[in-house]
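Participant: I have a structure I would like to understand better, so I am pasting it below and will then ask my questions one at a time.
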Amino acid sequence: MSSKRRPQIYNTVDDLRRFLNQTRQQGHTIGFVPTMGSLHQGHLDLVHKASELADIVVVSIFVNPMQFGPHEDFDAYPRTLDSDCDALSDYRCDAVFAPTVREIYPKGVNTEIDVPGLSTILCGHHRPGHFKGVATVVTKLLNIVQPEVAVFGNKDYQQLQVIRTLVTDLLIPVEIVGADTTRERSGLAMSSRNAYLSATERETASLLYASLQAIGDALQNDHQVTATLKHQREHLAAAGFVIDYLEIRDANDLSRSYVESETAVILVAAKLGQARLIDNLVVSLASR
Ligand code: PAF
């Protein structure tokens, strides 16, 4: 951590580009952390990571309408730019890019970035169009900022795979770094949507990570994996979760055939009260 300095806020692409061009002329590298704001420690850890990897850190704060379904929480999503900038003052963040929807979609949505396959399974199945919205906005943001490195949370595991795929396919010259999930002491993965949980729900929510760990142990010991999965699904449902999915997949391509792979990932998405929570656990199968 460095001494407190509020980041400069840029609302337009032109203003941000002007700043970034000067920065590049001075020979500085650029690290980028795209966010939707309502920053918590998990985001701040991504910012810290970016500051270790680049000279200048840019954080975008943009609640992207294109990645929300018609009945999702776009309107309710917390917008806290002022306190976000306060929180960023404790970290090395040089610029916050906080554009309007019009700035990012000046003529609406005419071009979409789609990563088929990866985008229609798991969360993509339950949130049709979500990853098209993520892929499109991330491509735009990478075009605007043109960073050397961009840092995303491993918590959004499927999102990270979609982004890695589009960056490779579209030959975007950026290094994508996945950073560890920051957890509450209870194990609950930090998320802006945790704000929707009541105090009791917050306690219940920590069961998600405990379930992932129980399945992870079964996987690593190659012992009663199917029975453990079934048991954990029932256990979470009994605690009040409405499960969208709780599955084991190949960590590289998210296919169902994880058995032969070196690394598996257990992924969960479940609703608890007003909150839809996601989490995952990567498990090495090499030593089985
Ligand atoms: O993970 C998020 O907060 C968003 O999906 C992202 C990557 C900022 C795109 O809007």
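The values are calculated or read from the model by the stated rules, or taken from the named source; none is laboratory data. Since the structure is predicted, the reported quantities are computational estimates derived from the model, not experimental observations. Backbone-built Cβ (ideal geometry, glycine too); neighbour counts: all protein chains shown.
Participant: Could you run through segment 14-40 and say how many residues are touching an Asp or Glu at 6+ places or on another chain (Cβ under 9 Å) and either within 16 Å of the ligand (Cβ to nearest atom) or under 20 Å from F74 (Cα atoms) (or both)? Show your work before the answer.
Facilitator: Step one: of segment 14-40, the residues touching an Asp or Glu at 6+ places or on another chain (Cβ under 9 Å) are 19, 23, 26-32, 35, 37-39.
Narrowing the set further to residues that are either within 16 Å of the ligand (Cβ to nearest atom) or under 20 Å from F74 (Cα atoms) (or both) leaves 31-32, 35, 37-39.
So the answer is 6.
Participant: Something else now. Across segment 61-102, which residue is nearest to the chain's Cα centre (by Cα) among those that are surrounded by fewer than 17 Cβ atoms within 10 Å (Cβ to Cβ) and under 25 Å from L170 (Cα atoms)?
Facilitator: P65
Participant: Looking only at segment 153-184, count how many residues are more than 30 Å from E201 (Cα to Cα), away from the ligand (no atom under 12 Å from the Cβ), in contact (Cβ under 8 Å) with a residue 24 or more places away in the chain and of a type in the set (V, I, T).
Facilitator: Looking only at that region, the number is 5.
Participant: Could you please find all residues in segment 3-13 being touching an Asp or Glu at 6+ places or on another chain (Cβ under 8 Å) and under 12 Å from D94 (Cβ atoms)? Before you say what the answer is, go through the steps one by one.
Facilitator: To start, the set of residues in segment 3-13 that are touching an Asp or Glu at 6+ places or on another chain (Cβ under 8 Å) comprises 4, 6-8, 11-13.
Result: R6, P7, Q8.
Participant: Would you say V138 is in contact with a helix residue (DSSP H, G or I) (Cβ under 8 Å, 6 or more places away or on another chain), at pLDDT 95 or above and crowded, with 20+ Cβ neighbours inside 10 Å? Write out each step before concluding.
Facilitator: On the way: in contact with a helix residue (DSSP H, G or I) (Cβ under 8 Å, 6 or more places away or on another chain): yes; at pLDDT 95 or above: yes; crowded, with 20+ Cβ neighbours inside 10 Å: yes.
Criteria met by V138.
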